[in-house]
Amino acid sequence: MQLMILASQLFLLPFYVRILGVESYALVGIYISLQGVFVMFDLGMSTTINQEMAKTLAHKENKQNALDLLRTFEWIYWILAFSLFFIVYFVIPFFTYNWKAESTIANEELKSNLILISILIVLRFPISFYTGALNGMQQQYKMNNVSIVLELFKFLLIIFIILYIHKSIQVFFLVNIVITILQLLILRGIIYSNFKHSEYKARFRKKFIYNNCKFSLGISLVSIAAILVSQSDKLILGKMVSMTDFSYYALAFSIASIP
C-alpha cells in the first residue's frame, strides 16, 4: 500500500506542476496541511476502536458489545466530520485571504476549490475510524486490497481527465471526493459484513464513551503535539506569503516527505 502511494506521489508531483502550474499546488498543499491539522479532532478514537475491537472480538459472546461499540464511535465520528465542514470553510479564507489579489487563478475558481477542499476533508476524516476498526478485526488484507485498487484507479483517472478532458486542479479534488466516498462505502461494508448473520442490532451506548475517554484523550494529546509541530508552519506561511511562494514551499515539503 505504501509503495503504491509512494509511486503515485513521485509521478504525480511533477505532473501537477508541469500541466497545471505551480500555483495550483498551493491548493493541494493547504488541503494536506488542513487534513493533518484536523486529524486532532479524532481525539484518539481510531486507536481506541482498534484496541477495543481486538479485545471485544477475542470472545464470540462479546459480539453485541463489538457492534454497539462500532455504532457508538461511528455516530461520534460522523457528527465531528460534519462539524468540521463549517470550521474548515471559515478557517481556509483566513489563511488564504492574500491569495485572491495575487493569484492568476480566478476568484470564483479559487472559492469553488476551497469548498471542494472542505468537502474532501470532511469525507477523509472517518477513514481513520474504519481502518482502525478493520485493523482491530484483523482485516488488514481486505483493507489493503481495497486501498491499493482505489489508489491505482484514482491515479489513472486523474491523469486521464487532466490530459484529455479538463485541465484544472478541480479535477484532483473531485476525483478524490468520488474515490473517498467509494472507499468509505466499501470499508464500512467489510466491517458490517462480519455481523451480517448476527441476531444482534447495533445500538448507541454512552457507556463506551465513558469507559474509553481517558485512553482516547491521552492518545489525542500526543497527536495534537505532533500536528502542531508538523503543520503549523504551513498554515502560518499561508497567511504571510503569496500563493506562488506557498506553492514552492508546499511542493518542497511534499518532496522531502516522500523518503
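Below are the figures for this structure:
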| quantity | calculated |
| --- | --- |
| Members of 206/234; 142/234; 111/154; 154/239; 55/154; 142/167 lying beyond 29 Å, as alpha-carbon distances in this model show | 206/234; 142/234; 154/239; 55/154; 142/167 |
| FRET efficiency, 1/(1 + (r/R0)^6) with R0 41 Å, evaluated for residue 148 and residue 229 via beta carbons | 0.85 |
| Estimated vicinal HN-Hα couplings, Hz - the stretch 80-85 in sequence order (Karplus 6.51, -1.76, 1.60; Gly, Pro = x) | 5, 4, 5, 5, 4, 4 |
| Ranked packing of 75-84, 126-135, most packed first, by mean Cβ within 10 Å | 126-135, 75-84 |
| Rounded Å value of the spacing that divides the Cα centres of the stretch 14-83 and the stretch 126-192 | 13 |
| Full-stretch length increase - residue 160, residue 63 - with 0.36 nm per residue and alpha-carbon distance subtracted | 30.4 nm |
| Where the stretch 133-209 is the region considered: accessible area per residue in Å², 1.4 Å probe | 58 |
| Vicinal HN-Hα couplings computed from phi for the stretch 110-123 (Karplus, 6.51 cos²θ - 1.76 cosθ + 1.60; Hz; Gly/Pro x) | 4, 5, 5, 5, 5, 5, 5, 4, 4, 5, 5, 4, 4, 6 |
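The values are calculated or read from the model by the stated rules, or taken from the named source; none is laboratory data. All of these numbers come straight from a predicted model, not from anything done at the bench. Every residue, glycine as well, gets a Cβ built from its backbone with ideal geometry; the counts of neighbours run over all protein chains shown. Keep in mind that these areas ignore ligands, DNA and RNA; they rest on the heavy atoms of the full protein, side chains included. Shrake-Rupley method; radii C 1.70, N 1.55, O 1.52, S 1.80 Å.
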